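Since every read-out is calculated from the coordinates, none of them should be taken as a lab result. Quick caveat, the model's predicted, so the values are computed rather than measured. Cβ: placed from backbone, ideal geometry, glycine included. Neighbour counts: every protein chain shown.
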Amino acid sequence: MEIVKRIFEYAYLFIALVLCEGVYAKWNEERNTAYVLLVFALAAVGMYFFKKTMRNKNNN
């Protein structure tokens with residue numbers, strides 16, 4: 001079960017990376033869409049750290 005939790009943590013980082021690529025691609029064309037993608041990327045990074053912190057608290 002621990003492996004599955006760790007995989008989902010890193011999946012959030014992968015999603016954030018893909019969203020950042022979308023921000024980079026759309027920045028000059030559609031600025032509003034880029035901002036939305038940026039917010040979701042920041043939320044994904046936040047979820048990574050939240051899940052990691054909760055997993056570490058539950059292990060101790």
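For residue 56, neighbours were defined as the other residues whose beta-carbon sits under 13 Å from its Cβ, and their charges (Lys and Arg +1, Asp and Glu -1) total +4. Positive end of the dipole of the chain (Cβ unit charges, origin at the Cα centre): among 4, 43, 18, the Cα lying farthest that way belongs to 4.
Would you work out the charge dipole size for the stretch 2-59 about its Cα centre, treating the Cβ of every Lys and Arg as +1 and the Cβ of every Asp and Glu as -1, and quote it to the nearest 20 debye? Don't skip to the end; give the middle numbers.
Numbers: 8 positive and 5 negative charges, 76 e Å.
Its charge dipole is roughly 360 debye.
So which trypsin sites (Lys or Arg not before Pro) in the stretch 1-47 end up in coil per DSSP with only 12 or fewer other C-beta atoms within 10 Å?
none
Computed on the stretch 2-59, the Cα convex hull volume stands at 48 Å³ per residue.
For the chain, the set of chymotrypsin sites (Phe, Trp or Tyr not before Pro) satisfying both a DSSP loop assignment and a count of at most 16 other C-beta atoms within 10 Å is given as 27.
Which GluC sites (Glu not before Pro) does the stretch 8-60 hold that lie in a coil by DSSP with at most 12 other beta carbons within 10 Å?
Values: sites: 9, 21, 29, 30; in loops: 29, 30.
When the GluC sites (Glu not before Pro) of the stretch 8-60 are filtered for loop state and at most 12 Cβ neighbours within 10 Å, 29, 30 remain.
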